Amino acid sequence: MMIAEKTNTVKSLTDFLTLSSGKVSFIGNDALSKALSYLEKNGLPGKKQEEYKYCDLDSVIRKKFSDLKEIRSNEFDSKKIKKKDAINIFVVNGNYEPGISDPVNEKEMFLCRLSDLPSEHLSKITSIADPSADPFIALNTAYSGDGFYLRVNNSAMATKTIHVFYISTAEKASFINPRNLIEVVSGSQLDLIEEHLNFSKESIFSNYLSEKIVHESAILRSVTIQDENQNGFSANNNHIRVDKKGYYHNSTLTLSGSVVRNNHQVQMNGEYCETHLNGLFLTKGEQLVDNHTLMDHQKPNCESHELYKGVVDDKSTGIFNGKIYVRKDAQKTNAYQSSKNILLSDDGTVNTKPQLEIYADDVKCSHGTSTGKIDESAMFYLNARGISRENANKLLLNAFAGEVLEKIGIEGIKEEIENRLGLN
């Protein structure tokens, strides 16, 4: 029976995680009970579940992570990847490491381990990411690493970008659960870069979970860089609440990773808030990248914009499933969504599913999707002017990706990504 088989998969994981993770002291008992009950009842998702039909993570875990051992960390030189113009935070194998991280300006923000979270903030954990809403939220809730809490103070404009590195260094095939809680308090502003890197030669499954609260009139500009190489497997849950007049902007750039699943959900929880989600993924070999988004319009006079682009080569697979959800009270909503993809190979696969679910009658909403190959007329034009097919291909891909990269609101990231992708 399918459920029983899935429960067996979960059992092998929970046996291992219980040994390696210890007690999750900062998660309330109700949330822990909820998470474990969900896992026991539902197991991990496979291709028979609609939301994971193209991304069978249950079979990936069975195949790659059936013989887990206790996590042991390899040392790495944090100085080689630190950014001079940013505050560098390191999360290694799911645990925040203050010893190698930079201190923050205490006038601007507060930073601590989740296990050291002041009691008045404990209730915020799991307040946005419901443990019974998704199996990987449940798994992270039950077996979370000791991540971090970051709060930007009232009316503070953070003078430096926060650059968080999530590092995997385990010596054996491992399953890790990074987690954070980030608050941008009323009237404050933060630029945030979250970069996921795998320094291990073994297969690592990273089950990342972030809850972010953008309070009234606050601004959070963020970039997510996923570059975990061919040994990286991940499920990534970003759950955001944006309050009245808040502004949230994210660009998710998937550069590598064998299987990458991104769930990005935004609750527009107050009037006149604005959200932008942009994504770019480039796949090759047999990679699979699956982006699921939800724009949940809960209040009137809010605006959301989405642009996701994919470049799919070889036998790889790109997926985009995006929903705009407009509730009855969310009148005068403006919401726009676009998914565009290029196939470089006859063996590549793209699956897109844009969705609108609207219960208000005074709205402006649109979505669209397109998938095709390199424009041969443009290729011919460039070739006719002495540009080789290889260079012409690079120019055309640069122009295609550039629409997303131009939207990044943090200085210097566009040029760095272009260099890493060889688009310059």
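Could you check how many residues of the stretch 256-289 are touching a helix residue (DSSP H, G or I) at 6+ places or on another chain (Cβ under 8 Å) and not polar (S, T, N, Q)?
5
How many residues does the stretch 96-120 contain that are under 25 Å from ILE219 (Cβ atoms), of a type in the set (Asp, Glu) and either touching a helix residue (DSSP H, G or I) at 6+ places or on another chain (Cβ under 7 Å) or not in a loop (DSSP other than H, G, I, E, B) (or both)?
Number satisfying all stated conditions: 1.
Test of understanding: among ASN278, ASN250, ASN262, ASN301, which residue is polar (S, T, N, Q), free of Cβ contacts under 8 Å to residues at least 40 places away in the same chain and outside the structural domain of LEU197 (by TED's automatic domain parsing)? Write out each step before concluding.
Numbers: ASN278 fails: free of Cβ contacts under 8 Å to residues at least 40 places away in the same chain; ASN250 fails: outside the structural domain of LEU197 (by TED's automatic domain parsing); ASN262 fails: outside the structural domain of LEU197 (by TED's automatic domain parsing).
The match here is ASN301.
Which residues, counting only those in the stretch 145-189, are assigned to a loop (DSSP other than H, G, I, E, B) and modelled with pLDDT of 90 or more?
GLY145, ASP146, GLY147, ASN153, LYS160, THR169, ASN177, PRO178, VAL185, SER186, GLY187, SER188
Within the stretch 36-86, count every residue that is under 18 Å from LEU197 (Cα atoms) and modelled with pLDDT under 85.
Applying the first criterion (under 18 Å from LEU197 (Cα atoms)) to the stretch 36-86 yields 71-83, 86.
Next, only the ones that are modelled with pLDDT under 85 stay: 71-76.
Count: 6.
From the list ASN238, ASN278, ASN263, ASN291, which one is outside any loop (DSSP other than H, G, I, E, B), buried (at least 24 other Cβ atoms within 10 Å of the Cβ) and under 13 Å from the mean Cα position of the chain (by Cα)? Explain how you work it out, then say what you get.
Numbers: ASN238 fails: buried (at least 24 other Cβ atoms within 10 Å of the Cβ); ASN278 fails: buried (at least 24 other Cβ atoms within 10 Å of the Cβ); ASN263 fails: buried (at least 24 other Cβ atoms within 10 Å of the Cβ).
Criteria check complete, one pass: ASN291.
LYS244 fails exactly one of the following numbered conditions: (1) crowded, with 24+ Cβ neighbours inside 10 Å; (2) in contact with an Asp or Glu (Cβ under 9 Å, 6 or more places away or on another chain). What is the number of that condition?
So LYS244 meets the others, but not (1).
Hey, ILE324 hits all of (1) closer than 30 Å to LYS299 by Cβ; (2) surrounded by fewer than 19 Cβ atoms within 10 Å (Cβ to Cβ); (3) of a type in the set (A, V, I, L, M, F, W, C) but one; which does it fall short on?
Result: ILE324 fails condition (2) only.
Going by the structure shown, is LEU209 hydrophobic (A, V, I, L, M, F, W, C), touching a Pro at 6+ places or on another chain (Cβ under 9 Å) and in contact (Cβ under 8 Å) with a residue 40 or more places away in the chain?
Values: hydrophobic (A, V, I, L, M, F, W, C): yes; touching a Pro at 6+ places or on another chain (Cβ under 9 Å): yes; in contact (Cβ under 8 Å) with a residue 40 or more places away in the chain: yes.
For LEU209, the condition - hydrophobic (A, V, I, L, M, F, W, C), touching a Pro at 6+ places or on another chain (Cβ under 9 Å) and in contact (Cβ under 8 Å) with a residue 40 or more places away in the chain - is met.
Taking the stated definitions as given, is TYR143 within 19 Å of ASP243 (Cβ to Cβ), in contact with a Leu (Cβ under 7 Å, 6 or more places away or on another chain) and either among the hydroxyl-bearing types (Ser, Thr, Tyr) or not assigned by TED's automatic domain parsing to the domain that holds SER59 (or both)?
no
Test THR371 against the criterion of being under 21 Å from ASP134 (Cβ atoms), polar (S, T, N, Q) and out of contact with any Ser or Thr (no Cβ under 6 Å at 6 or more places or on another chain), and give yes or no.
no
Does the stretch 126-137 include one or more residues that are more than 21 Å from the chain's Cα centre (by Cα) and either part of a strand (DSSP E or B) or surrounded by fewer than 24 Cβ atoms within 10 Å (Cβ to Cβ) (or both)?
If we filter the stretch 126-137 for residues that are more than 21 Å from the chain's Cα centre (by Cα), which is where we start, we get none.
The answer is no; no qualifying residue exists.
Consider GLU216 carefully, then state whether it is assigned by TED's automatic domain parsing to the domain that holds PHE90, touching a residue at least 24 places away in the same chain (Cβ under 8 Å), in a strand (DSSP E or B) and within 27 Å of LYS160 (Cα to Cα).
Numbers: assigned by TED's automatic domain parsing to the domain that holds PHE90: yes; touching a residue at least 24 places away in the same chain (Cβ under 8 Å): yes; in a strand (DSSP E or B): no; within 27 Å of LYS160 (Cα to Cα): yes.
Judged against the criteria, GLU216 is not a match.
Go through (1) assigned to a loop (DSSP other than H, G, I, E, B); (2) at pLDDT below 90 and name the single condition ALA399 misses.
So ALA399 meets the others, but not (1).
Before we move on, is GLU216 charged (D, E, K, R), at pLDDT below 95 and surrounded by fewer than 21 Cβ atoms within 10 Å (Cβ to Cβ)?
Taking the combined requirement at face value, the residue does not satisfy it.
SER123 fails exactly one of the following numbered conditions: (1) at pLDDT 95 or above; (2) assigned to a helix (DSSP H, G or I). What is the number of that condition?
So SER123 meets the others, but not (1).
Condition first: more than 18 Å from ASN262 (Cβ to Cβ), in a loop (DSSP other than H, G, I, E, B) and of a type outside the set (Phe, Trp, Tyr). Now tell me which residues in the stretch 48-66 satisfy that. So that I can check it myself, show each step before the final result.
In the first step, residues of the stretch 48-66 are kept if they are more than 18 Å from ASN262 (Cβ to Cβ); the result is 48, 59, 62-66.
Subsequent filtering for residues that are in a loop (DSSP other than H, G, I, E, B) retains 48, 65-66.
Residues satisfying the conditions are LYS48, SER66.
The values are calculated or read from the model by the stated rules, or taken from the named source; none is laboratory data. Note that the structure is predicted; figures quoted are calculated from it, not measured. When we count neighbours, we look across all protein chains shown, and the Cβ atoms used for this are built from the backbone with ideal geometry, even at glycine.
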